[in-house]
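Following this message is one structure expressed as structure tokens.
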Amino acid sequence: MNLQSLGAAGTVTGSCHLLTLGGQRLLVDCGLFQGDEHLEARNREAFPFEAGDLSAVLLTHAHLDHVGRLPLLIRRGYKGPIYCTPPTLKLAETVLLDSARLQVEGYKQDVQRARRMNREADVPQPLYDEEDVHRTVALMRPLLEFGQTLTVGQVKVRAERAGHILGSAYLILDSSEGRVICSGDLGNRESGLQQDFTPPPEADAVLIETTYANRTHRPLAETLAEFRDVLNQSVRLGGKILIPSFAIERAQAILYYLKTLMDAGDVPRVPIFLDSPMAARATHEYFEFGDELIPKVREALRSGQDPFKPSTLHVVTSSAESQRINRYDGAAIIIAGNGMMSGGRIQHHLKHQLWKPSTSLVIVSYQSPSSLGGRIVAGADHVHLLGEDVAVKAHVHTIGGFSAHADQDDLLSWLDTTGQAHIWLVHGEAQVMDEFLPILAERGRVADRVPRRGAVNLEQTHFAGGKPPGEVDEVSRGVGQAE
Ligand SMILES: [Zn+2]
């Protein structure tokens, strides 16, 4: 059983793992690198294999850092099946179309700027367009169902609930050579809309994500109390309350918590604007696949209620309507993308509101230090936004407990049932993995960081101290979106 990681090795984005087992070449996820320019340049690198030689592609979930390079793979000649769960197909289509549109728009803007300097030819082409996405979606087969087995050549593939976002799965791959499990992203058992992950079976090797392998999330009750207090404080200021949010899972969870707090009378019923067409579209899938969700939400859906619709919610569709929110007087909550404020409609709200001391910026998502959000969290007093310098006078609150990722306790609990499987650490910053390695060693587990280059034999390779030799850590560059 051989593994070559083509992303998410010593970093949190670009998940893409090539597994060779049972005579098959299986690609698990094909995600986009996100973060700074250096990292994003890796999206343009060639795949170190012929796309046509792959037996199949398997997806764990629909986040862009797990599916965002699929249209490139198709452009480079892949014509085989892409297996996923039914919700992943629906969400991935939404995510990829949005990604294609952003790339094409970004390209047009860059060309316009470059034209003034007569350097049009230097602007890199978009990675892919909507047509590539349609060709990708046509290859997607929603045949992975929790607890059921699919046969790919000599390999049996079983998907189990990962509890991270709607449709998220971890994959159990069985062949005559042994069993390997790929965790994908695992969920936070404390909060969120998803049911907890299913305990995995014993295996010979596991790949496990390590985004938050060095920390413990606050209990949900504490996080909700913090959210309630911040909202009350912000409403008293009388200004806008901006909540930057990712469109899938976080937006729906925030709407659900806002409804719960308002219905209980814990937060005043101020207007809420959901200013994210992608979040509005994704919310439809939460209705269609409502049986996947935690019992309270499931029951609400079954009894015909809308758990994602606080009574004061306005869903904003057109960009003209989005602009008009800024003329609205008084306290109001605005939920808009993107989550790290590096693009999307949140930017014009920030431009109009960030300089006012009555504004509150409530951060509920991970902010990479190099992003606009990261700079605001770090205390920047001015930021450059849509061509202007804007002073940061707003009250900035960070609420960390809404993460959709497993914390250290969750990861250890998931690993508990995997027997003596050789553990391979992926999808985490190198220094986080280095904190996790001794904890695993104390528990008598053999664990290694997946090397960034080259293939490893999953059972027979073990590096001294779990660290691949000769690798320079890409530490503290602050990259990646950890979704
Ligand atoms: Zn994810």
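Out of 96, 102, 127, I need the residue that is surrounded by 20 or more Cβ atoms within 10 Å (Cβ to Cβ) and closer than 29 Å to residue 286 by Cα. Which one?
Values: 102 fails: surrounded by 20 or more Cβ atoms within 10 Å (Cβ to Cβ); 127 fails: closer than 29 Å to residue 286 by Cα.
Exactly one of 96, 102, 127 is surrounded by 20 or more Cβ atoms within 10 Å (Cβ to Cβ) and closer than 29 Å to residue 286 by Cα, namely 96.
If you scan the range 394-427, which residues turn out to be in contact (Cβ under 8 Å) with a residue 40 or more places away in the chain, more than 15 Å from residue 206 (Cα to Cα) and not hydrophobic (A, V, I, L, M, F, W, C)?
The answer is 395, 397, 400, 401, 403, 405, 407, 408, 409, 410.
For residue 246, are the conditions met, namely being under 22 Å from the mean Cα position of the chain (by Cα), assigned by TED's automatic domain parsing to the domain that holds residue 431 and of a type in the set (Phe, Trp, Tyr)?
On the way: under 22 Å from the mean Cα position of the chain (by Cα): yes; assigned by TED's automatic domain parsing to the domain that holds residue 431: no; of a type in the set (Phe, Trp, Tyr): yes.
For residue 246, the condition - under 22 Å from the mean Cα position of the chain (by Cα), assigned by TED's automatic domain parsing to the domain that holds residue 431 and of a type in the set (Phe, Trp, Tyr) - is not met.
Residues are listed down the side, and each one gets a yes or a no for (1) at pLDDT 95 or above; (2) closer than 17 Å to residue 453 by Cβ; (3) in contact with a Pro (Cβ under 7 Å, 6 or more places away or on another chain); (4) surrounded by 20 or more Cβ atoms within 10 Å (Cβ to Cβ):
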site	(1), (2), (3), (4)
25	yes, no, no, no
29	yes, no, no, yes
37	no, no, no, no
73	yes, no, no, yes
76	no, no, no, no
79	yes, no, no, no
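Next question. Residues 304, 343, 337: which one is under 27 Å from the mean Cα position of the chain (by Cα) and either surrounded by fewer than 17 Cβ atoms within 10 Å (Cβ to Cβ) or free of Cβ contacts under 8 Å to residues at least 40 places away in the same chain (or both)? Break it down stepwise before answering.
Numbers: 304 fails: under 27 Å from the mean Cα position of the chain (by Cα); 337 fails: either surrounded by fewer than 17 Cβ atoms within 10 Å (Cβ to Cβ) or free of Cβ contacts under 8 Å to residues at least 40 places away in the same chain (or both).
Only one candidate passes the filter, namely 343.
Considering each of 165, 172, 181 in turn, give the residue that is part of a strand (DSSP E or B) and in contact with an Asp or Glu (Cβ under 7 Å, 6 or more places away or on another chain). Please lay out each step first, then the result.
Numbers: 165 fails: part of a strand (DSSP E or B); 181 fails: in contact with an Asp or Glu (Cβ under 7 Å, 6 or more places away or on another chain).
Going through 165, 172, 181 in turn, the sole match is 172.
Filtering the range 176-197 down to residues that are over 18 Å from the mean Cα position of the chain (by Cα) and crowded, with 21+ Cβ neighbours inside 10 Å, which residue is farthest from the ligand (Cβ to nearest atom)?
Keep residues of the range 176-197 that are over 18 Å from the mean Cα position of the chain (by Cα), which gives 176-181.
In the following step, the residues that additionally are crowded, with 21+ Cβ neighbours inside 10 Å were identified as 179-181.
On the way: 179: 23, 180: 20, 181: 17 Å.
Within the range 176-197, the match that is farthest from the ligand (Cβ to nearest atom) is 179.
Filter the range 192-209 down to the residues that are modelled with pLDDT of 95 or more, within 28 Å of residue 399 (Cβ to Cβ) and part of a loop (DSSP other than H, G, I, E, B) and list them by number.
193, 195, 196, 197, listed by residue number.
Quick one: residue 283 ticks every box in (1) touching a Lys or Arg at 6+ places or on another chain (Cβ under 7 Å); (2) surrounded by 18 or more Cβ atoms within 10 Å (Cβ to Cβ); (3) β-branched (Val, Ile, Thr) except a single one, so which number is it?
Single failed check for residue 283: (1).
For the range 400-414, enumerate the residues that are away from the ligand (no atom under 16 Å from the Cβ) and modelled with pLDDT under 95. Talk me through it step by step, then tell me what you get.
From the range 400-414, those away from the ligand (no atom under 16 Å from the Cβ) are 400-401, 408-409, 412-413; that's our starting set.
Result: 400, 401.
Let me ask you something else. So which of 416, 410 ends up being among the acidic types (Asp, Glu), within 18 Å of residue 170 (Cβ to Cβ) and touching a Leu at 6+ places or on another chain (Cβ under 7 Å)?
410
Residues in the range 415-456 that are under 20 Å from residue 18 (Cα atoms), at pLDDT below 90 and not in a loop (DSSP other than H, G, I, E, B): how many?
2
So that you can scan it fast, the table gives a plain yes or no per residue for (1) free of Cβ contacts under 8 Å to residues at least 40 places away in the same chain; (2) over 26 Å from residue 330 (Cα atoms); (3) within 16 Å of the ligand (Cβ to nearest atom):
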site	(1), (2), (3)
354	no, no, no
376	yes, no, no
392	yes, no, no
444	yes, yes, no
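For (1) of a type in the set (A, V, I, L, M, F, W, C); (2) closer than 20 Å to residue 2 by Cβ; (3) more than 16 Å from the ligand (Cβ to nearest atom), each residue gets a yes or a no:
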site: 25; (1), (2), (3): no, yes, yes
site: 52; (1), (2), (3): no, yes, yes
site: 61; (1), (2), (3): no, no, no
site: 65; (1), (2), (3): no, no, no
site: 70; (1), (2), (3): yes, no, no
site: 77; (1), (2), (3): no, no, yes
site: 81; (1), (2), (3): no, no, yes
site: 88; (1), (2), (3): no, no, no
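The values are calculated or read from the model by the stated rules, or taken from the named source; none is laboratory data. Just so it is clear, the model here is predicted, and its values are computed rather than measured. Here Cβ is always computed from backbone atoms with ideal geometry, including for glycine, and neighbour counts include all displayed protein chains.
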